[in-house]
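Input: a single structure, listed below in structure tokens.
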Ligand code: BGC
Ligand code: CA
């Protein structure tokens, strides 16, 4: 097995070197030496096909640094996600706005401390890190390390002495309170799945047993975990819970006291995920149907719906806060975006697409249904592969025949693992 992996790595390396050299001038390799196996050429065809990474941006899970090798795999490679910093800031502001509007009675036990607990999705996922930072920043509990707020889970912080967060002060309705992150933890189950809703449901049980009515707010990196905590405890206890994703069930729960959520404009992301592939396959300008209207009249608004960062080869959807003020407009999270709801007139193409975890609430209840709506509109015949959220090979094993597909859309289990997909496409 080791030998095979080593061989594959060598092969992948040599093929990618060839690909690099050939990328600029689109001409056959000059050295027609007889050693080159004829096979190599047909195999590397897969390495030239359109590729989109989505939801989990290729990056170093410890430092967050983008994996530019993966993001520039070929000329038709892109990432589609959302603006993590803008969204994180929005989530923090949403919580603070809520506190200001509900100052009366927010300190449940009247001890002068606003206590909150925080469910963290995945410490190695840039979007999760950004949300933790955003909430700590807005509430003042963050501690800066090398110019960025520390996103490390605090564990339990009963007396405010944790080293990764600090007690802050907030004035609500003319009264000054201490704000304390009573507890936070990464919601990873024993098998290794992150953003795990069931783990969050258990954690809130432990936290309420420890802190009881010291908990005044519940915050979560996403709605899956947020709703799990809301249903297990916060709803009955009437403790506002804040999530992220604007999944339909979370939006509906706002009527029952869920504090609010952030829409990461999944309708825009799902569209972009397939649209960049469609454009690359059609050989048209990549902005077609995105910043520029296509023949069917599809067009997004740059700067309002999304931004594009050319250096990062990344499309980022923009976020919107969903609260008691506007939630009725967001009740169906699977509805296609009206601006890009027209069927295009292009030949059907085959796409291989995977979802890293079949039980991820956001991807399962919001993103995939949207993809399934757009694949019809874009005439893409998409094969959906569902992973277990833990093992990359469980997914890569099902990319055994890349030659059968025209394009690929990849949602990695771990953001450092782009190479395992690129190796397959390079063969
Ligand atoms: C979502 C989470 C989801 C994660 C999966 C995030 O963008 O907000 O709900 O679990 O993506 O990678
Ligand atoms: Ca209190």
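The values are calculated or read from the model by the stated rules, or taken from the named source; none is laboratory data. As the structure is a computational prediction, the values presented were derived from the model and not from experiment. Counting neighbours? That spans all protein chains shown, and the Cβs are built from the backbone with ideal geometry, glycine included.
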Q: With respect to residue 412, determine if the residue is under 20 Å from the mean Cα position of the chain (by Cα) and either more than 16 Å from ligand 1 (Cβ to nearest atom) or more than 30 Å from residue 242 (Cβ to Cβ) (or both).
A: no
Q: Could you run through region 163-194 and say how many residues are under 21 Å from residue 226 (Cα atoms) and surrounded by fewer than 12 Cβ atoms within 10 Å (Cβ to Cβ)?
A: 2
Q. Any residue in region 279-297 that is in contact with a helix residue (DSSP H, G or I) (Cβ under 8 Å, 6 or more places away or on another chain), surrounded by 23 or more Cβ atoms within 10 Å (Cβ to Cβ) and either assigned to a loop (DSSP other than H, G, I, E, B) or not assigned by TED's automatic domain parsing to the domain that holds residue 378 (or both)?
A. yes
Q: Would you mind finding the one in 120, 114 that is more than 16 Å from ligand 2 (Cβ to nearest atom), touching a helix residue (DSSP H, G or I) at 6+ places or on another chain (Cβ under 9 Å) and assigned by TED's automatic domain parsing to the domain that holds residue 210?
A: 120
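Would you pick out the residues in region 232-243 that are within 16 Å of ligand 1 (Cβ to nearest atom) and free of Cβ contacts under 8 Å to residues at least 60 places away in the same chain?
We begin by selecting, within region 232-243, every residue within 16 Å of ligand 1 (Cβ to nearest atom); these are 241-243.
Scanning region 232-243 gives 241, 243.
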**Q.** Single unsatisfied condition, residue 56 versus (1) part of a loop (DSSP other than H, G, I, E, B); (2) modelled with pLDDT of 95 or more; (3) more than 16 Å from ligand 1 (Cβ to nearest atom)
**A.** (3)
Q | Answer from 224, 160, 201, 155 - the residue that is modelled with pLDDT of 95 or more, surrounded by fewer than 24 Cβ atoms within 10 Å (Cβ to Cβ), within 16 Å of ligand 1 (Cβ to nearest atom) and over 20 Å from residue 89 (Cβ atoms) | A | 201
Q | Matching option when the condition is under 18 Å from the mean Cα position of the chain (by Cα), more than 18 Å from residue 274 (Cβ to Cβ) and assigned to a helix (DSSP H, G or I), among 420, 365 | A | 365
Q: Could you list all residues from region 116-149 that are closer than 23 Å to residue 177 by Cα, within 16 Å of ligand 1 (Cβ to nearest atom) and not in a helix (DSSP H, G or I)?
A: 118, 119
(Q) Residue under question is residue 147, and the condition is that it be assigned by TED's automatic domain parsing to the domain that holds residue 380 and at pLDDT below 95; does it hold? (A) no
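The rows are residues; the columns are (1) surrounded by 18 or more Cβ atoms within 10 Å (Cβ to Cβ); (2) farther than 24 Å from residue 291 by Cβ; (3) in contact with a helix residue (DSSP H, G or I) (Cβ under 7 Å, 6 or more places away or on another chain).
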position	(1), (2), (3)
327	yes, yes, yes
338	no, no, no
349	yes, no, yes
367	yes, no, yes
381	no, yes, no
393	no, yes, no
400	no, yes, no
422	yes, yes, yes
Q) Of the residues 9, 63, 40, which is modelled with pLDDT of 50 or more, more than 23 Å from residue 367 (Cα to Cα) and surrounded by fewer than 17 Cβ atoms within 10 Å (Cβ to Cβ)? A) 63
Q: Only residues that are touching a strand residue (DSSP E or B) at 6+ places or on another chain (Cβ under 8 Å), within 16 Å of ligand 2 (Cβ to nearest atom), assigned to a strand (DSSP E or B) and in contact (Cβ under 8 Å) with a residue 40 or more places away in the chain: list them for region 173-220, please.
A: 177, 178, 179, 180, 181, 182, 183, 215, 216, 217, 218, 219
Q: Can you confirm whether region 79-94 contains a residue that is surrounded by fewer than 20 Cβ atoms within 10 Å (Cβ to Cβ), in the same structural domain as residue 216 (by TED's automatic domain parsing) and either more than 16 Å from ligand 1 (Cβ to nearest atom) or in a loop (DSSP other than H, G, I, E, B) (or both)?
A: yes
(Q) Can you say whether residue 343 is outside any helix (DSSP H, G or I), surrounded by fewer than 17 Cβ atoms within 10 Å (Cβ to Cβ) and in contact with a helix residue (DSSP H, G or I) (Cβ under 6 Å, 6 or more places away or on another chain), as far as the supplied structure shows? (A) yes
